[in-house]
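Shown next, in structure tokens, is the structure this report addresses.
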Amino acid sequence: MIIDTARDLDTKGESRGDEEQDWKETPTVYKSATSDKGSINLHHAKSTHSRSNSKATSRHSNLSSANRQEAAAEVAANEATLEVLLEQERQIEELQRLEAEAAHLRAKQEAENAERQRALEAKRRQVERLETIKKLKAAKARQQVYDQTVTQPKQDDSTAALVRVFAESISASRLPVPEPTTFNGDPLRFNDWKVSFQTLIDRKNIPAEEKIYYLQKYVGGTAKKAVESYFLLGTGSAYCAAWAILEERYGNPFLIAKAFRDKLDAWPRVSSKGSVELQELADFLRSCEAAMTQIRGLEVLNDCTRTRKSLLNFDWLTSRWNRKVIEVEEQSHMFPSFSQFVKFLTREAKIACNPVTSLHALKPSESEKIKVFKSRGHGAKRRQRHGLILNTADEIAPQQSCDVGLLIGYNCPQALVPRQVVCGEENQPFAQRTDLGWSVVGYGNLCLDYGYAIGVSHQVIVKQVMPGLQSSSNLTNEVHYVCRTQIKEVVLPADVIKVLESDFVERASEDSHMSQEDLRFLSKMEKGIRLKDDGHYEMPLPFKKERPNLPDNQVCAIQRLRCLERKLRRNEQYHKDYKTFVNETITRGDAERVPEKDISKAPAWYIPHHGVYHPQKPGKIHVVFDCSARFKETSLNDHLLTGPGLTNSLVGVLCRFRRGPVAIMCDIERMFHQFHVKAEDQDYLRFMWWEDGDLEAQPSIYQMKVHLFGAASSPGCANYGLKHIAAEGRGDFSEDTIKFINKNFYIDDGLSSVASKGQAIQLVKEARELCSTGKLRLHKFISNSNEVLATIPKEECAEAAKDLDMALGELHMERALGVQWCIASDEFQFRVVVKENPLTRRGVLSTVASVYDPLGFVAPFILLGKKILQQMCRDKLSWDDDLPDDLRPLWEFWLQDLQNLAGVKIK
């Protein structure tokens, strides 16, 4: 928009002629808009006089008239502009005042900063709206003048478009101010939050110092803690660094894909009546499908195994999905993709949630009807009855939502009506068929008199259910009720897979779920672990409840000690090794003698102990404490939490051990004994022993100060302590070292493989330093690289590695988690020692089970031996019956081939 000043009009009048026109002397202010500066000049906008040239001719009269019309239009526009400018000046002055006040109070009242910022933003928006109104009024005033002077004005397209833009701008200003969402550390929400923040704030032309203020406002939770240190700097570089941290921790596509998969794996089971839950699952799968276009890690969802795993959450739709699979395979000869699976589930959810025909829609909706005339104890404010069982228990078990499997009782007579009865002989069980299936009813043992026994139900899952009430009838014998729900066994693919996987001791990772006891164990460890002054970590005994008041079992411990004494007297070497082990334990401070004043302290528990030799390490005894020893129907292990499965997968550790060319193996010295027990819990770890192993002296009372072998909680405590040390070292050590401690240890054995010798040397160095922070000693190092072993002190290397030279091709075998590992050739092999077992069912089982193959390399061969054992079981042979003649050739042939396993080498 261009607005000419009065001076410009005077210039135009002089150029057109000498005719002079007297303009009305009215004080007027005009706005001067120049093309190069675009600023407002009000200095010359006062009363002016239009002069015309006295020598103008009549031919210029029409032109002068048009000029007067144009000048009048400009005057009207400028008058309207002046009104808006004055208001704008006042608002600008007010804005400046508020800004100065906000700057003055910012240091004094930081808490009011956010409110002041909103006030400033409101004033800025008001100024912008006034600017828009100013332009709109000027355009309307100009248009009004033209409408009054011109009969049929021709509408300018640019003006109409400008008016539309102004109208749209005013409409947009009335909408709520858009704000980005708040990010709390959920990787699934990071991309949405990132787009909203960058669109509304990051791409705006504002300083980075102001952007970091908005970043602080719109992050929370763990995300805010991750970048909180950068907020104190308040600089542009701090803003960029904070974004880099957020991108690294929450924007990594691998982490986002893992978050999607973890949430899908943890999705609860959806019942056939859970239409709303099914719709929620379908919505989440659609979000997974949308994320697949951006995150390549989610393409694994297209695998049929993942689809089958997801189908377990709503197995009642299996038959319908199978029809869909067959239909797709017939058309495209391919398994349906994840998108087709999502489309199928979305349709099923739509059917289940139909607002007219679904089960949820057909439920009666009763209107609220509350009538209370006179009632005692009625909760009038809550409009509900007062619960009679409120405040009657200190602790109530949490309710669990589960499907009803079977209702036993005569409250459902239709299910218990006999349809068919098969009678046996007199006083023999009889069979009856109901709508639930066949059942057998009879006495347990006619020769025994149980008195008024309670009915017992034995289910097919071998879970015994004891009713809480005495039967009303006079039952003189125990009744066994076996419910059979299937006449013919149905073998499903999942059952076959379970049988095939039974050869491996590893449990699938998806089968491990945290129970309430596991969560309680982790809570106790997190609250109770602490670093002692001597560098050891101390943890409490994780009791299931409070510290139990156990009975005094010293009599039981003395009796077991007498049995041990007889064995020690018979075997002198056993006595010598046993005494050496106990003396070293006491010398190291892992055990101490109980002072006389504390012997009568209660509660206390005495643990029997015995010594065992490792079959692969002859001459080395290991004392095991029998924490499962029972006294008065209880034991120490009965009161201890075992904790979750923190032990790494054996198969996983072995597989990672074969990943790189440079292999490393080590061991934690006395891992359990490196973690101490709190002093108040050591009374539960008492044991009896003779001072200095003198069997002629009276036994003394000792107590262990460390977590011991034999306690149910010790593996969980030791693994938790190891992972705690790794967590404490994060930031001071490399991520590879942290991952080695967390993922590559199976109990106390560490196995790893890396790409280069330099990485191996650095890994060994940092791992030793990290473990030493918790008084853990890594020793017995062995590697297939001489350069790596040369950097490790000789006393920390394994005995076999001290004089081993791989350059000479020395073939030395070492056991890697029980698997034979040839160090020089870096191969897995099998060591077969066939013992002379009798040709019986017991001997066959012993021979077949002697082959240790956790990775399943020779499982097809072992299966042949198991088939022979299976046939003996089918023939109902007892454990000591001889091998039948028809199976003897097969067994001898398999036994000969067993020797050939020594030639199998896995590179």
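Every read-out reported here was derived from the displayed coordinates using simple, explicitly stated rules and does not represent laboratory data. Please read all numbers here as calculations on a predicted model, not as lab measurements. A quick note on method: Cβ atoms are made from the backbone with ideal geometry, for glycine too, and the neighbour counts reach across all protein chains shown.
What the table below lists for this structure:
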quantity: Extended-chain gain in nm, criterion 0.36 nm per residue less alpha-carbon gap, Val612 and Val834; calculated: 77.6 nm
quantity: In nm, spacing of pseudo-spin labels at Val276 and Asn549 (7 Å Cα→C-beta vector); calculated: 4.7 nm
quantity: Net charge of Cβ neighbours under 11 Å - reference Gly185; Lys, Arg +1; Asp, Glu -1; calculated: +3
quantity: Residue (of Leu200, Ile212, Ala226) at the positive-pole extreme of region 187-251, dipole from beta-carbon charges; calculated: Leu200
quantity: Gain in span if fully extended, Leu232 to Leu864, counting 0.36 nm per residue against the direct Cα distance; calculated: 220.5 nm
quantity: Gyration tensor (Cα) of region 256-352, equivalent ellipsoid semi-axes in angstrom; calculated: 19, 18, 11
quantity: Highest to lowest packing among 209-217, 736-744, 291-299, 718-726, scored as the average C-beta count within 10 Å; calculated: 718-726, 736-744, 209-217, 291-299
quantity: Fraction in percent of alpha-carbon pairs per bin - 10 Å, region 569-669; calculated: 10, 25, 33, 23, 8, 2
quantity: Along principal axes, Cα extents of region 697-790, largest first, whole Å; calculated: 58, 30, 20
quantity: Greater than 26 Å apart at Cα, pairs in Lys324/Lys350; Lys524/Lys601; Lys258/Lys743; Lys224/Lys309; Lys620/Lys775; calculated: Lys224/Lys309
quantity: Cα radius of gyration and Dmax for region 841-906 (Å); calculated: 12.4, 38
quantity: Separation of the Ser287 and Ile599 label points, Cα + 7 Å toward Cβ, nm; calculated: 6.6 nm
quantity: Cut-off 16 Å (backbone N to label point 7 Å along Cα→Cβ of Gln559), residues of region 604-621; calculated: 606-609
quantity: Theoretical FRET efficiency, 1/(1+(r/R0)^6), r = Cβ-Cβ of Ser825 and Glu526, R0 45 Å, to 0.05; calculated: 0.50
quantity: Zero-based 10 Å bins, Cα pair distances in region 667-742, whole percents; calculated: 17, 34, 27, 14, 7, 1
quantity: Euclidean distance between Cα centres, region 233-294 to region 64-81, Å; calculated: 63 Å
quantity: Label-point separation in nm, Glu787 to Glu691, each point 7 Å along Cα→Cβ; calculated: 5.8 nm
quantity: Environment charge at Arg116 (Cβ cut-off 10 Å; Lys +1, Arg +1, Asp -1, Glu -1); calculated: -3
quantity: Modelled FRET efficiency - R0 30 Å, Asp897 with Glu795, Cβ distances, 0.05 increments; calculated: 0.10
quantity: Mean shadow area of region 507-635 over all directions, Cα convex hull, nm²; calculated: 12.2 nm²
quantity: Over region 187-251: Kirkwood hydrodynamic radius from C-alpha pairwise inverse distances, Å; calculated: 11.8 Å
quantity: Cα centroid of region 537-559 to Cα centroid of region 859-885, whole Å; calculated: 45 Å
quantity: Total charge dipole magnitude, region 558-716, about the Cα centre, Cβ charges on Lys, Arg, Asp, Glu only, Debye to nearest 20; calculated: 600 debye
